[in-house]
Amino acid sequence: MTAAAPTADRLLARVRELLAAHPPATTGRAAFLSARFDAGLAWVHYPEGLGGLGAPRSLQAVVDAELEAAGAPDNDPRRIGIGLGMAAPTILAYGTEEQKRRFLRPLWLGEEVWCQLFSEPGAGSDLAALGTRAVRDGEDDGDWVVDGQKVWTSSAHTARWAILIARTDPALPKHQGITYFLCDMTAPGVEVRPLRQITGEAEFNEVFLTGVRIPDAHRLGEVGQGWAVARTTLMNERVSIGGMRIPREGGMIAPVAAAWRERPELRTPDLHQRLLELWVEAEVARLTGERLRQQLAQGQPGPEGSGMKLTFARLNQEISGLEVELLGEEGLLYEDWTLRRPEIVDFTGRDAGYRYLRAKGNSIEGGTSEILLNIVAERVLGLPAEPRDDKDLAWKDLAR
Amino acid sequence: MSSPAAAPLDLLYSETEEELRTAVRSLLAARCDSAAVLARIEGAEPHDPELWRVLAAGIGAAGLLVPEKLGGQGAGHREAAVVLEELGRAAAPAPYLTSSVLATEILLGCESAESADLLRELAAGRRICVPALPLTLAPGAPLPAPVRDSGAGSLSGSVGSVADAVCADVLLVLADTGLYAVPADAAGVSRTPLVALDLTRPLATVHLDGAAGTRLADPATARAAIAGALLSGAGLLASEQLGIAEWCLTETVAYLRTRHQFNRPLGSFQAIKHRLARLWLDVASARAAARAAADALATGAADAPLTVAVAQAYCSGVAVRAAEECVQLHGGIGMTWEHPAHLYLKRAKADSLALGTAGHHRGLVADFAELAAP
C-alpha cells in the first residue's frame, strides 16, 4: 500500500479483486465478511489493519454499491446498527490500539452485537445528569464496580457488549464527573428485563447493573472525560438516523398512497387535501436529504443534517396518523398485542396502527425534537442559550 | 407506485452560480437596500432604471435564458434561479420574473424571426417586455382570451393585474389570431396602474383599443409557448420565495440576538428559539425544493412539471410563514412602515397567488402522482 489516499478507481479495483478471490456465490457469509475486512473495504475511511484504507469517507458509497450489485453478503446492519453506527466510530476515535484490535473486527463481522447503556429513568434529555456509579476497587489500574439502572436499551437481550457511561466523581459538575466504559453484557450483575411499549412489543429493555466489575482496560478515554467521548457517540447516532436514502414516495408515505389508489371507497375531499400536503412534504424531505448527501459527497457538510431527524419524526407521525384515519373501520383494529421481543425494529412494516404508535417514538429516541430544536437554534442560528444554573454545580448537589 | 420516476438532480450551487450571486448581491446592496426600496415604492417609478441597466446588461442577468446566438448568455434556469433568490432577498422592484423569465420563455417558444429580434433586445437589456397576462395565471389552468383581433392585427380588449406593465416597453398580447408584440406606447394602448398589495411588483390594467402589433406566432404555438413559460415561471418563482424567506429568517435571528427584554436577549427564550429553528428547517427544505425545480427545468427532465408543482406547493407557504414570523417576532417594530418587514410580507403573500396558489399546485401533484380526487 502507498501512503496516498486511495482513489475511487483504486477502490473499485480492490473490490473486484475481493470478488474474484471470494466469489459471493460460493463463499460463506462469515468468510466473505472476514476477507472484506482484511481487504480494508469494511469502512474505507478507517486505518489499514482495522477494516479500512484511510480513504475519504465519501468513497464508502462507491464500494457498497459495487458489492451490492455483485450480490455480496452484508453484515445485517439493522441487527448490529448500534455497533456499526455508534460503538465503532467512538472506539476508533478514543480507543487504545489494543481496544481497536480487540473489538472492531468481531463488531463488523456481526459476531458481537453491541448495545448502548446511556439513558436512565432520571436522565433522558438531561443525559449528563446520569446517576449510575462506577467506583474504583483499589489503586490506579484496579477494576471499576458499577451500580445503577439504564433504560431504553435496544438490543440489550442480544448484545455481547455495551457502551456505558457512568458517574465516577459526584463532587464535580455533572459533565465533568463521567467516564466511558465498554461493558461485558455477560458479566455477573448485568440483568436485562424487557420493557413493553405502547405497541405491545418489547423492542427495548431495562438494564440493571449490580456490582458489575469492569477492568480498567475496558475504560474508553480518560477518567472524567466520558462526556466528550459520549458526544462523539451521540453525533454519530444522529448522522446515522438522518442519513438514509429513500426513493420518491418511499418511506411512510408509500403505504398510504397505495391505499389511496387501491381503495377509492375510502376517499374524502378532506383526506385528499391532507394526503397531498403530506405527499409534497415527504417529497421535499426526500430532496432535502438528497441535497445533504450531495453536500457531504463534496466534503461540505451542511447544517441540514441536524434537521432531517426532526422532519422525519414529524412527517412519520402525521402520515401514519392520516393512514389510520383513511382506513376507517379498519383503522379501529390492531394487528396483534402479543408481547414480542423483535431483534430488528421495523419502522415501516406491519399495519397502520403499529406504524402510528411506533412513530410516536421518532420524536423522542436519539434526542427529543425539543432538544434538537435547541441544538439547531444555538449551533446553526447562533441564538444564545437559556440561562442555566446546573452547569457549575456539583452533581451531588443537583435537584433530583 | 405509479408516479413518474425521480431523475438524478444536482441540488447544489456551482462556482459560477456563486460568482453570479456575489455580483447580483453586491449590486443590490449598493443600489437597492431596503431604505432605497422604501423611498421608491410610493413614487411614480418604483423601478430604478439604472439598477436594471447594470443588472440586465452589465451583469448579463437578462440574457441568462437566451442562447448565445441570440445575444444571450446561453446559461439556464439554475443561474436565473440564483438571480431570483437575490432579488427576493432584496424585495427588489425589478421586472426580472416578468421580462427575463416569462416574456423571454414565451419568445423562445415562438421561434420566429420577429421573436428572435425582440429576444436580442431583451438579452441586451435594451428593452423590457412583459406578457399581458394576469399575474395569477397558473400553469395547467385554462388561458384567458380577453383580446380580440378585429382584422388585420387591430387588437382590442383589456387584461387586469398585469405585473410590471408600467415599466414595460413592449407587451406580449395573446389574441384569438395569435401572439402579438405591442409597443407599450403604441396608439390605442393604455395602462392603468392598480393599487397593489405588493408595492414592489406594480400591477396595471392593460387596455387595447384597436392597437397594432407585430404578430409573433399562430394561436397554437402561442398557447404552447405561454404554457411552457408559466411552468418555468412557477418553478423559478420558488427561488424568489426562497430568497424572501431567507431574508426574513436572517433578519429576525439577527434582531432577536441583540434585542433585550426581561434582562435577556429575546433569542435565548426557548419558545422563540424553537419557532426560529422550525423556520430554519422550512427554509432549508425550501432550498432543496427550489433547487430541484430549477435543475429539472434546466435539464428538461421528464418529471419537471411534478418537481415544479412540488416546489410551488411548498415554497409559497414557507415564504409567507417566514414573513409573518418576521413581523410577529419584531414586535411593534415589525408593524411600522419604516421597517422593511412589511415589504417582504406583501411580496410573499402576493407571490403565493402568483402563477398558481399552493392549492392549485397540489392539484397538479395529484394528477402527476396519480392520487385522484374523491
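The values are calculated or read from the model by the stated rules, or taken from the named source; none is laboratory data. Predicted, not measured: the structure shown is a model, and the values here were computed from it. FYI the Cβ positions are ideal-geometry reconstructions off the backbone, even for glycines, and counts take in every protein chain you see. Only protein heavy atoms, including side chains, enter the accessible area calculation; ligands, DNA and RNA are left aside. Shrake-Rupley method; radii C 1.70, N 1.55, O 1.52, S 1.80 Å.
Got a sec to turn the phi values of segment A:189-200 into Karplus ³J(HN,Hα) couplings, 6.51 cos²θ - 1.76 cosθ + 1.60 with θ = phi - 60°, whole Hz, x for Gly and Pro?
Whole-Hz 3J(HN,Hα) from phi for segment A:189-200: x, 8, 10, 10, 10, x, 10, 7, 10, 4, 7, x.
Using only DSSP helix segments of four residues or longer, with each worth -39500 (n - 2.57), what per-residue ellipticity at 222 nm results for chain B after dividing by its residue count and rounding to 500? Walk me through the intermediate numbers first.
Values: 11 runs with 179 residues, N = 374.
Calculated mean residue ellipticity at 222 nm is -16000 deg cm²/dmol.
How many times 2.2 N^0.38 Å is the alpha carbon radius of gyration of segment B:186-331? Please list the in-between numbers first.
On the way: Rg = 20.9 Å, N = 146, 2.2 N^0.38 = 14.6 Å.
Here the Cα radius of gyration is 1.43 times the empirical estimate.
Would you work out the Kirkwood radius for segment B:10-116? I mean one over the mean of 1/r across all pairs of different Cα atoms, in Å. All intermediate terms of the calculation are to be shown ahead of the outcome.
Numbers: mean 1/r = 0.0691 Å⁻¹.
That comes to 14.5 Å for segment B:10-116.
Please give the residues from segment A:351-400 for which the solvent-accessible area of heavy atoms, probe 1.4 Å, is smaller by at least 50 Å² with all protein chains in place than with the chain isolated.
Residues losing area: A:L373, A:N374, A:L381, A:L383, A:P384, A:E386.
From other protein chains only, count the Cβ atoms within 10 Å of every residue's Cβ in B:308-316, then give the mean. List each step's numbers first, then the result.
Values: counts 0, 2, 9, 4, 1, 7, 6, 1, 0.
Mean shielding count: 3.
Averaged over A:310-317, how many beta carbons belonging to a partner chain fall within 10 Å of each residue's beta carbon?
Details: counts 3, 5, 0, 0, 2, 0, 0, 0.
Mean number of neighbouring Cβ atoms from other chains: 1.
Could you please state, rounded to a whole Å, how far the C-alpha centre of segment B:37-54 is from the C-alpha centre of segment B:296-374?
Spelled out, the Cα-based centre of one part sits 25 Å from the other.
Give the long-range amide H neighbours of B:L137: residues separated by 5 or more places, or on another chain, with amide H under 5 Å away, using H modelled in the peptide plane at 1.01 Å from N.
For B:L137, the qualifying residues are B:L355.
Let me have the 222 nm mean residue ellipticity of chain A computed from DSSP H runs of 4+ only, each contributing -39500 (n - 2.57), with the sum over all residues rounded to the nearest 500.
Numbers: 11 runs with 147 residues, N = 400.
Only helices count here, giving -11500 deg cm²/dmol.
Label segment B:123-171 by shape, choosing from rounded, prolate and oblate, from the square roots a ≥ b ≥ c of the eigenvalues of the Cα gyration tensor; if a/c is under 1.5 it is rounded, and otherwise prolate applies when a/b is larger than b/c, oblate when it is not. Each step should come with its number before you reach the end.
On the way: a/c = 2.04, a/b = 1.18, b/c = 1.73.
In terms of gyration-tensor shape, oblate.
Go from 0 up to the bin containing the longest alpha carbon distance in segment A:138-223, width 10 Å each, and give me the % of pairs per bin.
Per 10 Å bin, starting at zero, the Cα-Cα P(r) for segment A:138-223 comes out as 17, 46, 28, 9, 1 percent.
Could you compute the FRET efficiency for A:E330 and A:R160, with r as their C-beta to C-beta distance and R0 at 45 Å, rounded to 0.05?
Values: r = 42 Å, r/R0 = 0.93.
Computed FRET efficiency for A:E330 and A:R160 comes out at 0.60.
For segment B:57-146, what ratio Rg/Rh do Cα atoms give with a Kirkwood hydrodynamic radius? Present the calculation step by step, with values, prior to reporting the outcome.
Numbers: Rg = 13.2 Å, Rh = 13.6 Å.
Rg/Rh for segment B:57-146 comes to 0.97.
Can you list the residues of segment B:51-77 with backbone N under 20 Å from a point 7 Å past the Cα of B:R31, pointing along Cα to Cβ?
Answer for this model: B:51-66, B:72-73.
Carbon and sulfur together cover what percent of the accessible area of segment B:162-231 at a 1.4 Å probe radius?
Working: 1540 of 2560 Å².
The computed percentage sits at 60.
Of the candidates A:R16, A:R79, A:R213, which one comes out as most mobile in a Gaussian network treatment of chain A with C-alpha springs shorter than 10 Å?
A:R16
In nm, what is the difference between 0.36 nm times the number of residues separating B:T192 and B:I333 and their Cα-Cα distance?
Numbers: separation 141, 0.36 × 141 = 50.76 nm, distance 3.37 nm.
Difference between extended and current length: 47.4 nm.
Where is the GNM fluctuation largest for chain A (alpha-carbon springs, 10 angstrom cutoff): A:A70, A:A129, A:A162?
Result for chain A, Cα springs under 10 Å: A:A70 fluctuates most.
Take the alpha carbon gyration tensor of chain A, find the square roots of its eigenvalues, order them as a ≥ b ≥ c, and report rounded if a/c is under 1.5; if not, report prolate when a/b exceeds b/c, else oblate. Mind dumping the intermediate values first?
On the way: a/c = 1.60, a/b = 1.15, b/c = 1.39.
In terms of gyration-tensor shape, oblate.
Mind listing the long-range amide H neighbours of A:V212? Cut-off is under 5 Å, sequence gap 5 or more, other chains count too, H placed in the peptide plane at 1.01 Å from N.
Amide H neighbours of A:V212, under 5 Å, 5+ apart: A:V146.
Have a look at segment A:259-281 and report residues whose accessible surface goes down by 50 Å² or more when the remaining protein chains are included, against the chain on its own, probe 1.4 Å, ligands and DNA/RNA excluded.
Buried-area filter returns A:R261, A:R267, A:H272, A:L276, A:W279, A:V280.
When ranked by the protection proxy of mean other Cβ atoms within 10 Å per residue, highest first, what sequence do the peptides A:364-371, A:275-282, A:383-390 form?
On the way: A:364-371: 16.9, A:275-282: 22.9, A:383-390: 13.0.
The packing order, highest mean first, is A:275-282, A:364-371, A:383-390.
Roughly how many Å is it from the Cα centre of segment B:162-229 to that of segment A:41-92, as a whole number?
Taking the Cα centre of segment A:41-92 as reference, the centre of segment B:162-229 is 60 Å away.
Pick out the long, greasy-scoring helices in chain B: whole DSSP H runs spanning 30 Å or more along their own axis by Cα, mean Kyte-Doolittle at least 0.0. Walk me through the numbers before you get to the answer.
Details: long enough: B:219-258 (58 Å, 0.69); B:270-299 (43 Å, 0.25); B:304-329 (36 Å, 0.88).
Going by DSSP H runs, the hits are B:219-258, B:270-299, B:304-329.
Please give the average number of partner chain Cβ atoms lying within 10 Å of the Cβ of each residue in B:282-293, rounded to a whole number.
Details: counts 3, 1, 12, 11, 2, 6, 12, 8, 2, 5, 7, 1.
That works out to 6 on average.
For segment B:256-278, list whatever residues lose no less than 30 Å² of accessible surface once every protein chain is in place, relative to that chain by itself, with the probe at 1.4 Å.
B:R257, B:R264, B:S268, B:Q270, B:K273, B:H274, B:A277
Using each residue's phi in segment A:203-209, evaluate 6.51 cos²θ - 1.76 cosθ + 1.60 at θ = phi - 60° and report the 3J(HN,Hα) Karplus result to the nearest Hz, with x for Gly and Pro.
8, 10, 9, 9, 10, 9, 10
Return P(r) of chain B (all Cα-Cα pairs; 10 Å bins starting at 0; whole %; ordered from short to long distances).
5, 24, 33, 24, 10, 2, 1, 0
By how many nm would the segment from A:E370 to A:Q197 lengthen if fully extended, with 0.36 nm per residue of separation less the alpha-carbon distance? Walk me through the numbers before you get to the answer.
Working: separation 173, 0.36 × 173 = 62.28 nm, distance 2.14 nm.
Contour length minus the Cα-Cα distance gives 60.1 nm.
Taking Cα atoms of the protein assembly as shown, Rg/Rh with Kirkwood Rh, to two decimals? Numbers along the way, then the final one.
Numbers: Rg = 30.5 Å, Rh = 29.4 Å.
Taking Rg over the Kirkwood Rh, I get 1.04.
What is the gain in length, in nm to one decimal, between A:A61 and A:R263 on full extension, counting 0.36 nm per residue of separation less the C-alpha to C-alpha distance? Can you show the working numbers first?
Numbers: separation 202, 0.36 × 202 = 72.72 nm, distance 3.87 nm.
Extra length available between A:A61 and A:R263 comes to 68.9 nm.
Relative contact order for segment A:129-285: what is it in percent, counting Cα pairs under 8 Å that are at least 6 residues apart? Don't jump to the answer; show the numbers that get you there.
Values: 243 pairs, mean separation 33.7, N = 157.
Reported as a whole number, the value is 21 percent.
Cross-link partners among lysines for A:K391, C-alpha distance below 19 Å, same-chain residues fewer than 8 apart left out?
A:K174
Accessible area per residue, 1.4 Å probe, Å², for the protein assembly as shown: what's the number?
Details: 31440 Å² over 774 residues.
Ligands and nucleic acids excluded, the figure is 41 Å² per residue.
Short version: ³J(HN,Hα) in whole Hz for each residue of segment A:370-382, in order, from phi by Karplus 6.51 cos²θ - 1.76 cosθ + 1.60 (θ = phi - 60°), x for Gly and Pro, what are they?
Listing the rounded values in order: 5, 5, 5, 5, 4, 5, 4, 4, 7, 8, 8, 8, x Hz.
Write out the cysteines belonging to the protein assembly as shown for which the nearest other cysteine Cβ is not under 4.7 Å, or none if no such cysteine exists.
Isolated Cys, the protein assembly as shown: A:C115, A:C183, B:C32, B:C110, B:C129, B:C167, B:C315.
Could I have the simple spin-label model distance between B:A227 and A:E222, label points 7 Å from Cα toward Cβ, reported in nm to one decimal?
A separation of 7.1 nm, rounded to one decimal place.
For chain B, set up a GNM with springs between Cα atoms under 10 Å and report which of B:P93, B:P49, B:P305 has the largest fluctuation.
Maximum fluctuation in the GNM of chain B, among the listed residues, is at B:P49.
Under a 5 Å amide H to amide H cut-off, with H placed in plane at 1.01 Å, what residues pair with A:E120 once short-range neighbours are removed?
Under 5 Å from the amide H of A:E120 lie the amide H atoms of A:V151, each far enough along the sequence or on another chain.
With a 1.4 Å probe, how much accessible area is buried between chains A and B, both sides summed, in Å² to the nearest hundred?
Details: alone 19940 and 15500 Å², together 31440 Å².
Buried area (both sides, nearest 100 Å²): 4000 Å².
At 1.4 Å probe size, with the rest of the protein present, what percent of the exposed accessible area of segment B:299-374 is carbon and sulfur atoms? Don't skip to the end; give the middle numbers.
Numbers: 1650 of 2620 Å².
In segment B:299-374, the share of accessible area belonging to carbon and sulfur is 63 percent.
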